[in-house]
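Everything on this sheet refers to the single structure shown next.
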Amino acid sequence: MALPKIAIIPTGGTIQNGQPLVSSSKAGGDFNLLRPQRLHEPVAVKIAKEDLDGSPLTIGPNEEPYWDVTLDPADGLYMLPPMTPGQSPPQGYAAVHMNARRIIEEIDRFGLDTAGRNNLLAEAAALEVREIIDPRTGRELRAGGQTFSMFELVLISNAVNQALAEDYVAGCVVTHGTFTAEETACFLHYTVNSDKPVVVAASQRRHSSMGNDGDWNLVDAVRVAAHPDAKGRGAMLVMNEEIMPAREVTKTNQRPGGFASSGGSASALGSVESDQVTFYFRPERKHTLWSDVRPNGTLPEVMPRVDIVKTYAGADDVPIAALIDRALKERSTPGAPQKHGILVEGFAYDGKPHQFQVPILETAMYQHGLPVAVANRGDHGRVPRLADNPFISCDNLMAVKARLLLILAIEKLGMLTPFTNADNPSGDERQRLQQELQRYQEIFDTH
């Protein structure tokens with residue numbers, strides 16, 4: 001039976017971040033270390049006969065205490081001393097984002113399951129690596145998630161949609177840095193125009209380091225993407241043998257296991273064990289093929305700009321005024337975002353902004369047509385729709401996820417129609433604005 005074809009879309013991050021090159025003591029360095037490399041030609045070696053504890057095996061009469069073995073380049077990678085001279089350990093953290101094909105090769109060669117078997121990726125699916133070329137640099141997108149903007153999220157979404165449009169592709173795995181993996185996963189959850197599974201894989205510790213979790217996460221992500229029950233569940237993030245929902249998942253800390261669900265409405269969709277992938281839940285809100293904000297074709301490079309404003313004791317209108325001023329300037333700036341909105345991370349439970357913020361937020365809506373949405377800064381529980389709160393309710397979405405949905409809603413619906421006279425709007429203008437806000441609210445109520 002043919003294995004399912006899974007597209008791997010690498011973007012960088014710790015899961016692709018290998019160890020810096022350090023010269024072995026055999027090349028004049030200070031460390032007697034090894035790393036995966038290729039032999040140039042076959043070599044005969046004698047391997048001592050030892051057990052798993054390193055103790056010599058019992059040797060019979062006329063038996064040599066070693067095995068004669070010929071190592072061949074065709075075998076694949078071997079752990080060998082790095083011979084590039086003059087390479088010292090860096091003083092600080094050094095990003096070494098490796099090619100995904102090399103990561104896959106090393107995992108298949110050296111990664112073992114609990115039964116001692118390798119080739120874990122090769123046996124899970126037929127992988128097709130599809131790099132993203134950044135049009136600004138002409139080079140592969142391979143960077144930490146902390147450097148990403150909406151531009152990169154659009155590139156990733158368009159690449160995923162392009163891959164899944166191929167009939168022979170059964171699913172997609174995106175490698176990603178953990179800092180913004182939850183945002184990319186959520187963005188894909190709303191913009192992928194397919195019911196095929198999309199899985200984001202990330203890592204808290206770099207490839208080939210002690211306790212590295214990324215290799216196992218990548219194997220699990222491929223297994224999930226290749227599983228027939230993964231279809232129709234939207235985008236997912238797989239970490240530490242858990243299948244997390246893209247809409248709710250968030251990073252809580254830097255340790256393995258440091259991902260959880262926000263909002264109070266969901267936990268893991270399922271789990272990954274050595275014997276099988278198991279699903280227990282299915283997302284109920286609209287997503288992927290059923291999303292009302294997914295693109296008809298490719299997403300544009302320039303998306304609406306939405307910024308998050310925090311509510312706190314003593315918050316005022318100064319940062320909001322600056323956002324409005326920038327929005328008005330960018331409307332007449334070629335190449336800049338032409339549509340804007342504001343996302344307020346308001347008080348728990350109801351998402352209300354500080355009373356000193358409300359007047360200028362109303363000005364943003366009524367005078368300038370900027371959609372304003374409010375989320376709960378407690379990241380737990382739904383924001384109710386109250387009569388004295390004129391803004392869009394973000395339901396139980398955390399602010400960074402609500403921001404993405406608001407961006408897509410603005411792209412889909414356009415800006416609000418401002419009042420001719422914000423101090424004295426007509427009845428028709430009020431009714432029209434309420435209808436426009438209701439269309440926004442329907443998106444947040446169903447996604």
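Worth a mention:
- When residues of the stretch 24-37 are limited to those that are part of a loop (DSSP other than H, G, I, E, B) and either of a type in the set (A, V, I, L, M, F, W, C) or in contact with an Asp or Glu (Cβ under 8 Å, 6 or more places away or on another chain) (or both), the one nearest to Asn217 (Cα to Cα): Leu34
- Counting only strands (runs of 3 or more DSSP E) that sit wholly inside the stretch 123-220, those with at least 2 residues that are surrounded by 23 or more Cβ atoms within 10 Å (Cβ to Cβ) are 169-175, 198-201.
- Residue tally, condition crowded, with 20+ Cβ neighbours inside 10 Å and either among the aliphatic types (A, V, I, L, M) or without any contact (Cβ under 8 Å) to a residue 24 or more places away in the chain (or both), over the stretch 304-316: 2
- Residues that are in a loop (DSSP other than H, G, I, E, B) and free of Cβ contacts under 8 Å to residues at least 60 places away in the same chain within the stretch 71-98 comprise Asp72, Gly76, Leu77, Pro81, Gln91, Gly92, Tyr93, listed in sequence order.
- Ala422 vs. criteria within 33 Å of the chain's Cα centre (by Cα), assigned by TED's automatic domain parsing to the domain that holds Ala315, assigned to a loop (DSSP other than H, G, I, E, B) and modelled with pLDDT under 95: no
- For Ser25, the conditions (1) touching a residue at least 40 places away in the same chain (Cβ under 8 Å); (2) under 37 Å from the mean Cα position of the chain (by Cα) are fulfilled apart from (2).
- Candidate set: the stretch 425-447, residues that are under 34 Å from the mean Cα position of the chain (by Cα) and of a type in the set (Asp, Glu); chosen: the one surrounded by the fewest Cβ atoms within 10 Å (Cβ to Cβ): Glu442
- Residue in the stretch 99-122 that is nearest to Leu33 (Cα to Cα), counting only those that are charged (D, E, K, R) and assigned to a helix (DSSP H, G or I): Glu106
- Here Gly13 fulfils each of the conditions (1) at pLDDT 95 or above; (2) small (Gly, Ala, Ser); (3) closer than 21 Å to Val129 by Cα apart from (1).
Here is a yes/no grid of residues against (1) modelled with pLDDT under 95; (2) under 27 Å from Glu411 (Cα atoms):
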residue: Ser262; (1), (2): yes, yes
residue: Ser291; (1), (2): no, yes
residue: Val302; (1), (2): no, yes
residue: Asp316; (1), (2): no, no
residue: Pro319; (1), (2): no, yes
residue: Lys339; (1), (2): no, yes
residue: Gly351; (1), (2): yes, yes
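- Subset tally (residues that are surrounded by 24 or more Cβ atoms within 10 Å (Cβ to Cβ) and either aliphatic (A, V, I, L, M) or part of a helix (DSSP H, G or I) (or both)) for the stretch 4-23: 7
The values are calculated or read from the model by the stated rules, or taken from the named source; none is laboratory data. Bear in mind that the values here come from a model prediction, so they are computed numbers and not experimental data. Virtual Cβ from ideal backbone geometry, glycine too; neighbours counted across all protein chains shown.
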